Amino acid sequence: MSFFKREQNMTNSDYGITSREAVDLKQLANKCMDGDYSSGEAEAGDEVLLQLQVQLDDTERELAERIALERKFKQLYVEQQAYVNRRIRQAHMAAIAYQEDYARRALSEKRSAEAKMKEYLASYELYKAEAEQLRNQFAHLLGQLETVEQERRQPGGRTEYGDGSVSMPGSQSSLSGTGYKDGG
């Protein structure tokens, strides 16, 4: 099997795995949404939800691409590492058999393969860091989406707390005695 065919198969399989993960993430995001906002009948508060959903979709797409690239370069690194090890063994066997030309050629190929291996490792680490950053961004956007959706469900913008207390925006109470001036 040629190198390019292996790379194509590996890339295609990575996108398949990533697509399944992306579908799971999308289903998780859709659990936060009540209805379908694509009908165009959006209320004023729904615009924020629509914007967050678009950002979430874009981040999800980028995350899927980065995960695929991360896996691709990890696989290329592993293959290159195996190639380097094979060339070391071949150089050793050639040296034992007093075939210096073969040993030199194997060592030369090993050096170039090590350089590629380092490039693959650097690319893998770069895409891994980018994927982690996008995972964090996705989680943050999902949290924002849940918060906005929860605020939208509360009538009149009230926020209810776990202890039963309610916060209402725009209402201030002067019953506490602070800031109250008598006779004025």
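Tabulated data
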| quantity | calculated |
| --- | --- |
| Odd one out for F138, checked against (1) at pLDDT below 85; (2) of a type outside the set (G, A, S); (3) open to solvent by less than 90 Å² (accessible area, probe 1.4 Å) | (1) |
| Leading residue by the ranking (nearest to Y127 (Cα to Cα)) among those in the stretch 49-70 that are touching a residue at least 60 places away in the same chain (Cβ under 8 Å) and either open to solvent by 70 Å² or more (accessible area, probe 1.4 Å) or not in a helix (DSSP H, G or I) (or both) | E62 |
| Only one of L141, L107 that is closer than 22 Å to L49 by Cβ, assigned to a helix (DSSP H, G or I) and among the aliphatic types (A, V, I, L, M) | L141 |
| Criterion: touching a helix residue (DSSP H, G or I) at 6+ places or on another chain (Cβ under 6 Å), at negative phi and hydrophobic (A, V, I, L, M, F, W, C) - qualifying residue of A115, A131 | A131 |
| Near pairs, Cβ below 8 angstrom, 6+ apart or cross-chain, from the stretch 82-99 (open to solvent by less than 60 Å² (accessible area, probe 1.4 Å)) to any residue that is among the hydroxyl-bearing types (S, T, Y) | A91/Y102; A94/Y102 |
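The values are calculated or read from the model by the stated rules, or taken from the named source; none is laboratory data. Fair warning: this is a prediction, and the values are worked out from it, not measured in the lab. Methodologically, a virtual Cβ is constructed for each residue, glycine included, from the backbone with ideal geometry; neighbour enumeration extends over all protein chains shown. To get the accessible areas, we keep the full protein, side chains included, count just its heavy atoms, and leave off ligands, DNA and RNA. Shrake-Rupley method; radii C 1.70, N 1.55, O 1.52, S 1.80 Å.
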